[in-house]
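Asker: Quick one: this structure, given as structure tokens, is what I'll be asking you about.
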Amino acid sequence: MTDGSPEHLTATQARAGATPHVTRVVLGVGLLLVIGIFALILFIAR
């Protein structure tokens with residue numbers, strides 16, 4: 001039973017796992033794809 005005080009957890013305990021930083025890779029690749037496709041569209045539209 002709790003005594004009314006808040007429980008203090010580390011960041012890893014609160015997430016219940018590890019963060020492999022996949023989001024950064026996905027955002028980077030997506031950004032490069034958007035820039036490449038935009039450049040291709042501009043090149044073709046000339």
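Bear in mind that the values in this text are calculations on the coordinates, not laboratory data. Predicted model, so just to flag it, every value in this text is computed and none were measured. Using ideal geometry, Cβ is built from the backbone for each residue, glycine included, and neighbour counts are taken over all protein chains shown.
Asker: Does anyone have the angle between helix 22-45 and the longest principal axis of the chain? Alpha-carbon axes, 0 to 90°, nearest 10?
Answerer: In the chain, helix 22-45 runs at an angle near 20 degrees to the longest axis.
Asker: Let me ask something additional. Using a simple spin-label model with points 7 Å from Cα along the Cα→Cβ vector, what separation in nm is obtained for residue 40 and residue 15?
Answerer: Taking the two extended label points, one gets 3.3 nm.
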